[in-house]
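J.: Would you mind keeping the following structure in view while I ask a few things?
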Amino acid sequence: MPSNARPSSARGFSHQFRLNRQRTETEALLASQHDEEDVADSDGLYPPHCTWTSAHREPPRAADPYGNGNCNVYENIHRVRRDIINSIDDPYSLEQLKAPRMNISVVRPLVDSLYEMQDLSIVYCLLVNRMQFIREQSFATHHQTVNLTRALLCELLAEKILRRYNEQNPGPRGLLKLANILVAGFEPFQGAPDEVYKQSIHAMHWAKRKRGGRIERKLTALEVAIISASKSFLASSACQKVVDAIYRGKLVYTPNSFIDIIPDHWKKRPISLYDPRRAPMLNQYRLIVPRTRNIIELCQFAILLALYVVVMAGRESRMRTDYSIVEAVFDVYASGWVLDQFASILEHGWGVYTQNLWSFLDVMFCLIFVVYLSLRLHALRIFDEEQSVIVARTALDVLSCGAPVLVPRLAFNIMSENLLFLSLRAMMSDFMTLTILAVWCFAGFLLSLKWLHAGAHQSLTIGKWMIWIWFGLDGTGIDQSPDFHWLLGPVLMVLFAFLGNTLFLTILVSMLTNTFSGIVGNAVQEIQFRRAVLTFEGVKSDAIFAYLPPFNILALLIMLPLKWAISERMFHKINVAAVRTLNLPALLLIALYERRTLWMSDKKYKNRKIDWKNANGPKATAGQYWAISRFTVHGDIHAVFDIDPPQSVLDRIAEEDDLQGDDSIGKALSNNLNQGFGVSGRPRRQSGVLDSNRTMSVSSTKTKQKRQGDSEEPGNLKKEFADSSDGEDEADHPRGYRKPRRGERMDSIVDLNDDDGTNNRLLEANARLHKMEESMGRMEAMMAQLLNVGAGDVSSENSEGKAELAEQLRTNSLK
């Protein structure tokens, strides 16, 4: 028995040792997993481990940390519409909606009620309602101006709610929450009953992806803001914060596309923060970052322009129409560039594509190139040499018309935020619209002159004379007008000269002046609106954008048929390998640049871990020694803000503020008033080193402070409502008298009814009424605070009085 007990005890000891070892390894593994929750995963995404593939029916819960999939969007849309309609019955301008009276009575209550719902789809629902109100104002004539006001109110509410989310959620996680508000996809019928969803089927369902038996029609709040031209919303600081993060690649997400030419949706990524130091060196997704995409497109267009100049210069030096190698290279490259533009239109739709600054130039060159290529290929098919030469020369003549489009397009791309180019695009649109309407209206003069005396002159000749008169170049048409009729001919020509040359040019100049002044007045909003459009359009989901021209043509010919021949997972692997091979130098340069400049790394850790939980958030990397912006005389002014101050400096500042403060009851009343009126002052940071004697003295002399506050209360009230004076001639008057300042004279409401009739006086009256309302509110709040302060003393006296009264009632002494 003893011999058998020893092996059993040994086995028991080894079993216990293995259990302890497994427990230790499990705890270490859990600890490492807990640490990994604070860093990005192997793809460089934070929150980590949130990607999923098409093999999963639903994304993981971590991919939707804010519950966007559970938002009742359908109900919220109709709730917002009801509240907006009930709040606005009369037309108002944007300035009137921002006035203090409307802000207190209408805007602020709506913002509070909608923000308290804590539903991230509210901003999307507001922008959707804005889009609907703009649509309704075009056909509902009896509510046209009211619907415009409701649309303005929707945009204003969305801007204020987004700003409140930004203020209440600082740091990287707050940026992630703002991104879920703006670029997370929502369905308009999300949360709707089944019978409502079945009635929403329309003809464009073939272009959408099916998921779980339902059809996805998701749109983002940023896209709806661009389509509805919500320039004030897009120019807000909170929205630009997200737009800038997406543009630089700090925020990444998988966009919703309209139609994909080469779809590759095997691996899906949620809205995440990107850490380039933990991501792979060859990350093909960085090719669709808007900043990188903008640089790549600029290089592509520069190559296209260079090839175009070489082809046209060769045609100028030789009159032959032989198909050269340079022209063949240009045709192949330009075809790939046109394919890239066509894929951009299919990616986000025509409405978003045309909001780009240089989209009209790209469309014009695409049309010119298609006509040229068709004629050039047709010339190669003609066996008659003489006819082939004529068609080839015509094709090259058409291609030469692309120079006025390509040359300014490069300037549009380089100086996209220049005010001149912003106004030029809008004025070109107005000019083309007015010109088409003028040609349509003045075509009646051409038909009248043609039918007035048949056969007198050809239609082309009459049209040429009318164009010369229109632009004031020549008066031949007026001289030849008696040939049509001795009386009616000159009358028609002179009438056309008055209407076309004088009236049309006057209207045109007035319209263009108004357009330019409007853009100059809202220059900041226009620039930031174009930046938002460029950013949103730069995020691509179609795999064809990862292939640069002319390789996108090969991808279209090879990868698209291969898509239907192999599995989705295998196609994803082949696509990633091909993209990394073709873009190897570009991906290496992007990885090296972003690892040095994208985020501020914490150098205390060897693995360069980024503190995502920091409320202040990781900042942009400070300029290196080779930064050009530091080679200036005033470079230290920028550098002092790039380096965070140490904690000792912050503690010293907070300690000095505490020593200089006053703990009287007036300060407490001021803080309560600020809280009552919604003044959210920034809390001061408490010092880590406090004076113990000072703390004890403050805590042990409450009665003394109370008496001191009672004595100082009239002084605080007098300081709060002190008269404005400059202190002149105060010695000649009784004590307390203050001479009013003439520069700060406040006219009465009656004085504002002058003959001027200017709006500035009305605005001044509204501002003064608002100040009076604020003063009355402060007085009421102070009275309430004073009553609360004396409640303790009064309550004791009331209790004694009540006791005496009860005693008298019991003894029947009260008669």
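J.: With an 8 Å Cα cut-off and a minimum separation of 6 or more residues, compute the relative contact order for the stretch 425-546 in percent.
T.: 26
J.: Something else about it: On full extension of the chain, what length is gained from residue 95 through residue 49, given 0.36 nm per residue of separation minus the C-alpha to C-alpha distance?
T.: So the chain would gain 11.8 nm between residue 95 and residue 49.
J.: So, one more: What would the Debye formula give as log10 I(q)/I(0) at q = 0.10, 0.12, 0.13, 0.21 Å⁻¹ for the alpha-carbon point model of the stretch 32-146, no solvent?
T.: -0.51, -0.65, -0.71, -1.21
J.: Run through every distinct alpha carbon pair of the stretch 302-445 and return the Kirkwood hydrodynamic radius in angstroms, one decimal place.
T.: That comes to 17.2 Å for the stretch 302-445.
J.: For a quick protection proxy, order the peptides 774-786, 386-398 by their average other-Cβ count within 10 Å, most packed first.
T.: 386-398, 774-786
J.: Could I ask something else about it? Average projected area of the Cα convex hull of the stretch 425-546, in nm²?
T.: The number I arrive at for the stretch 425-546 is 11.4 nm².
J.: With the crude spin-label approximation of a point 7 Å out along Cα→Cβ, what separation in nm comes out for residue 58 versus residue 350?
T.: It is 4.0 nm.
J.: Assuming a ≥ b ≥ c are the square roots of the Cα gyration tensor eigenvalues, decide whether the stretch 392-437 counts as rounded (a/c under 1.5), prolate (otherwise, with a/b larger than b/c) or oblate.
T.: Verdict is oblate for the stretch 392-437.
J.: What order do you get for 510-518, 40-48 when each peptide is scored by the mean count of other beta carbon atoms within 10 Å, highest first?
T.: The densest-packed peptide leads the list: 40-48, 510-518.
J.: Can you work out the FRET efficiency for the pair residue 371 and residue 424, with r the C-beta to C-beta distance and R0 = 30 Å, to the nearest 0.05? Walk me through the numbers before you get to the answer.
T.: Values: r = 25 Å, r/R0 = 0.85.
Using R0 = 30 Å, I get an efficiency of 0.75.
J.: Still on this structure, please answer the following. Give the carbon-plus-sulfur fraction of the accessible surface of the stretch 33-133 in %, rounded to a whole number; probe 1.4 Å, heavy atoms of protein chains only.
T.: 49
J.: Could I ask something else about it? How high is the FRET efficiency from residue 524 to residue 439, r the C-beta distance, R0 41 Å, rounded to 0.05?
T.: Values: r = 36 Å, r/R0 = 0.89.
The value I calculate is 0.65.
J.: Further question on the same structure: If packing is taken as the average number of other Cβ atoms within 10 Å across a peptide's residues, how do 113-122, 180-189 rank, most packed first?
T.: Descending packing order for the listed peptides: 180-189, 113-122.
J.: Can you tell me the equivalent ellipsoid semi-axes for the stretch 471-542? Use √(5λ) from the Cα gyration tensor, largest first, whole Å.
T.: 48, 16, 8
J.: Stretch residue 168-residue 66 to full length: gain in nm at 0.36 nm per residue minus the Cα-Cα span?
T.: So the extension gain works out to 35.2 nm.
J.: Once the Cβ-Cβ distance between residue 139 and residue 657 is put in as r, and R0 is 60 Å, what FRET efficiency do you end up with, to the nearest 0.05? Don't skip to the answer; put the middle values down first.
T.: Values: r = 60 Å, r/R0 = 1.00.
That gives a FRET efficiency of 0.50.
J.: Now a separate question. Hey, how many Å between the Cα centroid of the stretch 177-198 and the Cα centroid of the stretch 265-326?
T.: Going from one Cα centre to the other spans 35 Å.
J.: Still on this structure, I have one more. For the stretch 369-469, what D do you get in µm² per second when you plug the Kirkwood radius from alpha-carbon pairs into Stokes-Einstein at 4 °C and 1.567 mPa s?
T.: Details: Rh = 17.8 Å.
Answer, rounded: 73 µm²/s.
J.: With every protein chain kept in place and ligands, DNA and RNA left out, what is the accessible area per residue of the stretch 425-546? Probe 1.4 Å, answer in Å².
T.: Using a 1.4 Å probe on heavy atoms only, each residue of the stretch 425-546 averages 54 Å².
The values are calculated or read from the model by the stated rules, or taken from the named source; none is laboratory data. Here the structure is a predicted model, which is why all the values come from computation and not from measurement. Virtual Cβ from ideal backbone geometry, glycine too; neighbours counted across all protein chains shown. Protein only, heavy atoms only, side chains kept; ligands, DNA and RNA dropped before computing areas. Shrake-Rupley method; radii C 1.70, N 1.55, O 1.52, S 1.80 Å.
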